[in-house]
Structure formats: C-alpha cells, structure tokens
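The values are calculated or read from the model by the stated rules, or taken from the named source; none is laboratory data. Worth saying up front: this structure is predicted, and the values here are computed from it rather than measured. Glycine gets a Cβ as well: all are built from the backbone with ideal geometry, and neighbour counts include every protein chain shown.
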Amino acid sequence: MGLLDVKQEATEARLSGVTLPESGAWLATARADALARVKTMGLPHARDEYWKYTRPGTLTQADAPEAALYDTDEAPIFDGIERLNVVFVDGVFSAEESDDLTGEGLSIERLADIAQNDIHWAKELYGVLETKGQTPVQRPLAALNTALATDGVVIRVSGEVSKPVNLSYRHRDTTSDAALHHVVKLEEGAKVTLLENGPGAARFNQVLEVEVADKAEFHHVRAQGRDHERRNVTHIFARLGTESVFKSFTVTVNGVLTRNEAVLELTGDDAVAHVAGACVGDGEFHHDDTVFVTHNAVNCESRQVFKKVLRNGATGVFQGKILVQPDAQKTDGYQISQSLLLDDDSQFLAKPELEIYADDVACSHGSTSGAIDEEGLFYLRARGIPKDIATDLMTLAFLAEAVEEIESDELSDAIISRLESWLERRRG
Amino acid sequence: MLEIKGLKVKLEDEDKQILKGVDLTVEAGKVHAIMGPNGSGKSTLSYVLSGRDGYEVTEGAASLDGEDLLEMEPEERAAEGLFLAFQYPVEIPGVSNMTFLRTAVNAQRKARDEEELSAADFLKDIRAKAKTLKIDADMLKRPVNMGFSGGEKKRNEILQMAMLEPKMCILDETDSGLDVDAMKLVSEGVNALRSEGRGFLVITHYQRLLDHIKPDVVHIMADGRIVKTGGPELALEVEENGYADILAEVA
Ligand SMILES: Nc1ncnc2c1ncn2[C@@H]1O[C@H](COP(=O)(O)OP(=O)(O)OP(=O)(O)O)[C@@H](O)[C@H]1O
Ligand SMILES: [Mg+2]
C-alpha cells in the first residue's frame, strides 16, 4: 500500500464520523469546500515532508488526548493592560466572562452568531486566505479547522483602535477538543493590536485569517503558557496591502505539542511583515514554528526571528521559508532561528529556506544552535550569582532579542516579566 | 585570611601540570603582589581559587578565613567574600550591567542571610561608585562588558569589586590596557577599599601599578611555584633587571 493509500484511509476513517456544523448559506459553502479540500489533501501523516520533524498523530486522531488542567495561581498575562477582553472556555465564547464587545473603530461579532446568516462580509475572507495558503504547501489541519470550527470572532477594524482586543482562552475540561476560527479585516489605514493568551483546550486547533489593507497596521502578541499537557496547532494566514504593517510575536512555555504556522503574503508594495517567537521548553515538550513568507510586491520587508531555549529532552523545530516572486524586486528578507540547548538531551531541528526568483533582492538567513556560554556563566557565578539564576539570566538575554521585535514597550515588558516569573518559578 | 598550601593543579583534559606546589598566605589588611613571567601560572592560580572548571587540584589546599575554598561552588566562594578581577573580563550579551550587579549583590546578601538591598539604595550606591570610576550611566545600562574598551572593562571590574565589598580581592593584571589616567582611577578605587579586614592579591607585570598601590609583600612566580618572596624592593628589581637573575638564583 503506498503512502497515498495510507493517508487516504486514515483521512477517511477520521472524517467518517464527522458532520459539518449546521450553518447559513455563506458559511455552509465555505465549510463544504474546506471539507472537500481536506479529503483531497489527506490529513498530515508522519511521512509527509512538511511533518518530518513533528508527529501529527495526536493532532489528527479522532479524540483529543487528555490534558490536565494547570494551576491558575497567576494573573492572566495581560491583566495589567487596558484591553477589550473576549473569553473562550474550552473553545466556546463566554459572554459572562467577556467584556461588552463594542469598541470605537471596530466591530466584533461571534462566529457562532453570524453562522446562521445567509450572507456576511466575512465570506470574502473566511477560509479564503486559508485556501490561498494551501499552495505551494498543503496545510490540511487548517482546512479541517475551516470546515469544523464552530466559534471564533470576526473583527472588522475601520479606524485606529487604541485598546487591544484580547482573546483569552480558558481550559476547564481535561478532554476538550476545540477549533476556533477568527477573521480580522483591517480597512485602509486602520490599526489594531490583537492579544491572545491562556490555554485553549486539551487539544486546540486555531486559524486566524487577517487581511491588512493598504496603510493598515496589525500587531499581534500571543502567550502560550504553562499548561503542560496541551496540544496546539495554530495557523495565521495574512495578506498585506500596500504600505501595510503586520507584526506577530508569540511566547511559548511548556506544552507537549505546539505547532504554530504563519503564512504571510505581501501583495502590496512597501509592506512590512514581521513574525517572531520566543520559547522555553523543558522535558516533554515539542515546539514547531513553521513560517512561509511570500513576497509578491516591490520594496517589501520581512523578518522572521525565532529563539528557543531547550532542556531536559525538549525539542524545538523551525521550518521557515522566504519565497520571492519574480516581480518582487527590492525585497528585504531576513530570517534567523536560534536555539540554546541547556543539555545534550535536547534538540533543535531547523530547515531554513530561501527561494528567490527576482534579481534585485537582499535576503539573508541563519540558523544556529549551541550550548550556553561557559565563560559567561562562570563570570556571573564568580560574582556570586548561583548557577541556576545565572543560567536564567542568560536564557532571558537570549530570548530578549525575539521579544524586542514587539513594538509596544508595555507589551514587551509584560512578556519579559512573565518570562522572568516563569523561570523563577521553575527554579523553585 | 587567604591560605594556600602546597597547591598542585593540572589541566582536567590534558596531562599538563600547571601549578606545582604553591604556598602563599595573605593576611587581612595586607596587599600582596605576584609577578612572574608569562605562562608561569598566575592566572591559573586565580581561576582555581575562584572555582573555574577545567582544572584538577591534585594536591594541597586553599582556604579563606579557615573555610575550604576548593570544596565550594564559584558562587559560594564569592559569597564568602572572594573576588577575582579578571584578566580578560567576559562579555555577556543581553544582560545589562545594572541588572547583573544588582542580581550579584542581592544573591550574595541572600547567601549570607542578609536583607536584600532595595532598588533605590542600590541605585544610589552604584551611581556614586560609578562616578568616582568615571563610568557613565550609559555604560551601566549596556550589556555587561559588551563593546567596552579594554580600559573600560577593567574599570568595570573595579566597580564590581566596590559594589560587592569582598574580603579578599584578587586582581589579575587589572593594570594592563589602562592609560595613565585610568591607572590612577583604578588604583584610587583599590586604595579606597584598603582596610584592616580586607586582603589583596595583585597580579601584575609592572611596577607602575605598585607605585600607586603600595604592596606589603611581593612574590615571584615561575613555572608553577612561588620562587621568591620579598618586600616592595623585589618589584623594583624585576622592573630593572627582568627575571633572569632571580630565576638563576633560585635554580
Ligand atoms: N585551559 C588551558 N589549556 C591549555 N593550557 C592552559 C590552560 N590554562 C592554562 N594553560 C597553560 O598554563 C600555563 C599557565 O597559564 P596562565 O594563564 O596561568 O599564565 P600566567 O602566569 O597568567 O601568564 P600571563 O602573564 O601571560 O597572563 C600556560 O602555559 C598556559 O598556556
Ligand atoms: Mg595571566
């Protein structure tokens, strides 16, 4: 039996019990299309090239593996920041725990609420950017999400929104299997910051589709933390217009399995796309950052900055690609992925790629992995700083380069101080 | 205060003996200087005392106020009051000088069951001390030693010493790379710390530093041993005649 057959069978078995959620015309079509795409592509398989470093089995199997709840003895990371809080519990929107969903310059609707509509503006994006992002590399779990997600938010931003929108996830059921699908549309010149934090569910599949129109600015800061047993697969699909800005940052601590994909396409001239991540992995931890940036316009800039600190057998993965299409002259593309391995049991697997079809471009990439600088460690210890604290100081310093990609000082401070307290807690 | 007896040290990974039986005692309140040809083992001695990896003590002992140093982790030695001003201070990207020093000061206090210094008191203290060493606010904010000139790194070592107020200070060629003015600043920094309860071991190649920091005792180290000990005049002799005579005499 060939691989295709194996995949086909597994996919059919997985989808056999699945029925699409009932929905109105616009969404029903999108879901049916997505399901058809999943069937054609097949779900990810351990022998797929794109899943060479990350085992997809627990993400594709029918039931979510159980995940213990974690102690919520610390305040949610963005609590100190004035924001509009939108809460999901195990993948279901919670009106009681959320703020009133109104804000100046934006409209927020719940996907479950608009699902029954016959027509909605979100039709032009829902599953559309995801579909586009399926070439040249297939991302079947995102299509599965488009087919099955029953909740999420649909945000339309028309002006400069000062208060960030915070999607807060809470996990209260040890076997919850959640699929959330968010759509954000920024109109010309609009500006918004989206925050995400908290454990989504035992298994969490999320898609975020973002359209950044000309001169619009989208900032995204996400914290995936401390719920040790969760499994996450997330996809961001973004399309950038002329002179637009897209900046996304994710901090990840713990989690048995996390795969964060970002698929960005620069379609208007002079656009800027940054995606960054900092992660601390300890023990049974597998973290995969998979990024695909396509330059399809002139004079655009893209940056990928990923830093990982791994120990006690943790695994970090980076698959990052910059694709520069023939007309995307004057592209400035940068990609760096680095890991700090605190012991020999941990590993970092990286596949950095450049594919360039334009001649007037400046692209660079680098990937390194190394042990902690022993000279530096001794220097700190010789001044009386205990080894574990010295290691954490150097860990933070290493990660800081990725955290600095966040534009807002208030948000980067929040990330740094949370990282500090996580590291301190781990020291005991 | 610092007592070193018959200390023999080899490299951990290589069959190479570097210290071949060092005996040395530095009393509280005294300044001892060590001079000696390149490669004689001066830095190795300072590293072994402060607990750096890569060396194996095959014989002998070293203690600070009666506490066995060789059994302790580097941070424990520091908390006991041992300080080494490095011959080559290390650059630490991403860790600001200020954070580094505050963490160090408070870690030592904690290890000694003393109360941690408040942020305000710490700031006041470091600003005053930095000023006398002509270290500006920008250097305090920058990552530890990153992009510092040779002389700035050495001044930064002295600032750390001033902040940590150790009992026993070992200075490994703190004078090398300093211009005349910086030499004065550094010497003044050292002299300001001289006190009855504090011992100094100053490793240097030049009389120039010893003009400013008047040593009580001068040792000559050669091939892993202290081969001669005398008063300040010994340093002058080295300055004038080099090591040839002394080495011939003890051979
Ligand atoms: N880690 C090491 N690996 C190999 N050789 C070493 C190591 N550490 C020290 N040595 C050797 O041990 C000897 C003593 O070195 P050390 O640095 O202690 O000399 P020193 O007296 O401080 O010299 P200098 O005056 O040049 O600073 C030298 O021959 C040096 O090459
Ligand atoms: Mg030396």
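Worth a mention:
- Against the list (1) buried (at least 19 other Cβ atoms within 10 Å of the Cβ); (2) free of Cβ contacts under 8 Å to residues at least 40 places away in the same chain, the condition A:Asp288 fails is (2).
- Qualifying positions in the range B:18-44 - surrounded by fewer than 20 Cβ atoms within 10 Å (Cβ to Cβ), more than 15 Å from ligand 1 (Cβ to nearest atom) and not charged (D, E, K, R): B:Thr25, B:Ala28, B:Gly29
- Complete set of residues in the range B:120-178 that are buried (at least 19 other Cβ atoms within 10 Å of the Cβ) and on the phi > 0 side of the Ramachandran plot: B:Asn145, B:Glu173
- All of B:Glu67, B:Glu56 fail the test of being among the charged types (D, E, K, R) and within 13 Å of ligand 1 (Cβ to nearest atom), apart from B:Glu56.
- Residues of the range B:72-106 that turn out to be surrounded by fewer than 22 Cβ atoms within 10 Å (Cβ to Cβ), more than 17 Å from the chain's Cα centre (by Cα) and not acidic (Asp, Glu), as a count: 9
Here is a yes/no grid of residues against (1) part of a loop (DSSP other than H, G, I, E, B); (2) among the hydroxyl-bearing types (Ser, Thr, Tyr); (3) under 27 Å from A:Asp409 (Cα atoms):
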{"residue": "A:Tyr70", "(1), (2), (3)": "yes, yes, no"}
{"residue": "A:Asp73", "(1), (2), (3)": "yes, no, yes"}
{"residue": "A:Phe78", "(1), (2), (3)": "yes, no, yes"}
{"residue": "A:Lys123", "(1), (2), (3)": "no, no, no"}
{"residue": "A:Val137", "(1), (2), (3)": "yes, no, no"}
{"residue": "A:Leu144", "(1), (2), (3)": "no, no, no"}
{"residue": "A:Val154", "(1), (2), (3)": "no, no, no"}
{"residue": "A:Ser162", "(1), (2), (3)": "yes, yes, yes"}
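- Complete set of residues in the range B:33-57 that are away from ligand 2 (no atom under 16 Å from the Cβ) and either closer than 16 Å to B:His205 by Cα or assigned to a loop (DSSP other than H, G, I, E, B) (or both): B:Gly51, B:Asp53
- Yes/no for A:Ala390 being closer than 30 Å to B:Ala162 by Cβ, within 14 Å of chain B (Cβ to nearest Cβ) and modelled with pLDDT under 95: no
- Scanning the range A:221-241 for residues that are among the small types (Gly, Ala, Ser) and either more than 10 Å from A:Ile77 (Cβ to Cβ) or without any contact (Cβ under 8 Å) to a residue 12 or more places away in the chain (or both) gives A:Ala238, A:Gly241.
- Of the residues screened, A:Ala371 is not one that is within 10 Å of chain B (Cβ to nearest Cβ) and of a type outside the set (D, E, K, R).
Rundown of residues vs (1) more than 14 Å from chain B (Cβ to nearest Cβ); (2) farther than 18 Å from A:Val272 by Cα, yes/no style:
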residue	(1), (2)
A:Cys300	yes, no
A:Gly313	yes, yes
A:Gln335	yes, no
A:Leu340	no, yes
A:Gln347	yes, yes
A:Glu353	yes, yes
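- Only a single criterion out of (1) within 24 Å of A:Val280 (Cα to Cα); (2) modelled with pLDDT of 95 or more is not satisfied by A:Glu211, namely (1).
- Index of the failed condition, B:Gly66 passing every other in (1) within 14 Å of chain A (Cβ to nearest Cβ); (2) surrounded by fewer than 14 Cβ atoms within 10 Å (Cβ to Cβ): (1)
- Of all the residues in the range B:75-91, those that are facing another protein chain (nearest Cβ under 7 Å) and away from ligand 1 (no atom under 16 Å from the Cβ) number 3.
- The residue of the range B:1-17 that is nearest to the other protein chains (Cβ to nearest Cβ), among those that are of a type outside the set (A, V, I, L, M, F, W, C) and more than 15 Å from ligand 1 (Cβ to nearest atom), is B:Glu3.
- Test result for B:Glu71, without any contact (Cβ under 8 Å) to a residue 60 or more places away in the chain and assigned to a loop (DSSP other than H, G, I, E, B): yes
- Filtered residues of the range B:45-61 (kept if more than 14 Å from chain A (Cβ to nearest Cβ) and either in contact with an Asp or Glu (Cβ under 7 Å, 6 or more places away or on another chain) or surrounded by fewer than 22 Cβ atoms within 10 Å (Cβ to Cβ) (or both)): B:Glu56, B:Val57, B:Thr58, B:Glu59, B:Gly60, B:Ala61
- Residues that are within 28 Å of B:Gly224 (Cα to Cα), within 8 Å of chain A (Cβ to nearest Cβ) and either outside any strand (DSSP E or B) or within 16 Å of ligand 2 (Cβ to nearest atom) (or both) do not occur anywhere in the range B:92-112.
- Those strands (runs of 3 or more DSSP E) lying entirely in the range B:126-242 with at least 1 residues within 16 Å of ligand 1 (Cβ to nearest atom), within 14 Å of chain A (Cβ to nearest Cβ) and touching a residue at least 24 places away in the same chain (Cβ under 8 Å): B:168-172
- Here B:Ile246 meets the list (1) within 16 Å of ligand 1 (Cβ to nearest atom); (2) surrounded by 19 or more Cβ atoms within 10 Å (Cβ to Cβ); (3) away from every other protein chain (no Cβ under 14 Å); (4) at pLDDT 90 or above almost entirely, failing just condition (4).
- Among all residues of the range B:82-90, there is at least one that is among the hydrophobic types (A, V, I, L, M, F, W, C) and more than 16 Å from ligand 2 (Cβ to nearest atom).
- When B:Ala79 is tested against (1) more than 16 Å from ligand 2 (Cβ to nearest atom); (2) modelled with pLDDT of 95 or more; (3) of a type in the set (Gly, Ala, Ser); (4) within 14 Å of B:Asn156 (Cα to Cα), just one condition goes unmet, and that condition is (4).
- Filtered residue count, the range A:7-55, keeping only those that are part of a loop (DSSP other than H, G, I, E, B) and farther than 18 Å from A:Thr146 by Cα: 8
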